[in-house]
Amino acid sequence: MGVSKLALILFLFLPLSAAEQRKHQASISLTYLNSEQAGRALEQLFEGDLRVKKSGDAIILVSSDELTALTKALSLISRIDLPHISVPTHFFQLGFTDCERIAAQLEKLLSNETAEFTLTPDPRTNRIFLIGDDNLKLKVEKFIAEAEAEAEAANANPDEVAS
């Protein structure tokens with residue numbers, strides 16, 4: 001029973017308790033992913049917006065105020081809880097540019113793509129995580145290389161940029 005088939009054990013939009021009235025939760029059974037590793041990765045990606053609890057073989061996702069983090073997490077899980085060979089994942093380490101700014105620019109640039117993709121910036125490591133096909137990977141690599149080259153040149157020659 002995989003998430004890709006929407007094998008959600010339960011999907012609640014109910015408060016967990018009186019003290020957590022604005023929080024929402026979803027419980028998911030993972031087929032291919034290690035639930036502990038997936039839980040840690042989701043907490044890192046959605047820092048502060050999502051808590052992950054382990055319940056047997058399932059993980060329980062608890063979002064803070066909005067359903068946005070919960071929805072994104074469920075979408076991400078449905079796309080990566082697959083046999084290892086079929087998940088096209090890529091990481092891009094940035095050195096001179098801000099990963100959140102670059103990810104926002106890439107989202108705009110790739111918004112007309114027919115292939116489905118997910119871009120997730122990780123500001124703590126200044127990396128971008130891409131789930132998408134090799135064609136998208138090449139486009140993202142090219143965009144990042146150009147942005148990094150411009151930023152590196154600007155850092156090396158601040159007087160030239162100012163003029």
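Nothing in this text is a laboratory measurement; each read-out follows from the coordinates by a stated rule. None of the values given here were measured: they were computed from a predicted structure.
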The extension gain from Asn155 to Gln93, computed as 0.36 nm times the residue separation minus the Cα-Cα distance, is 20.5 nm
So the compactness index of the range 88-162, its C-alpha Rg divided by 2.2 N^0.38 Å, takes the value 1.14
The set of residues whose placed amide H lies less than 5 Å from the amide H of Leu30, leaving out same-chain residues fewer than 5 positions away, is Ile59
Note, the range 137-147: 3J(HN,Hα) by Karplus (6.51, -1.76, 1.60, θ = phi - 60°), whole Hz, Gly/Pro = x, goes 4, 5, 5, 5, 4, 5, 4, 5, 4, 5, 5
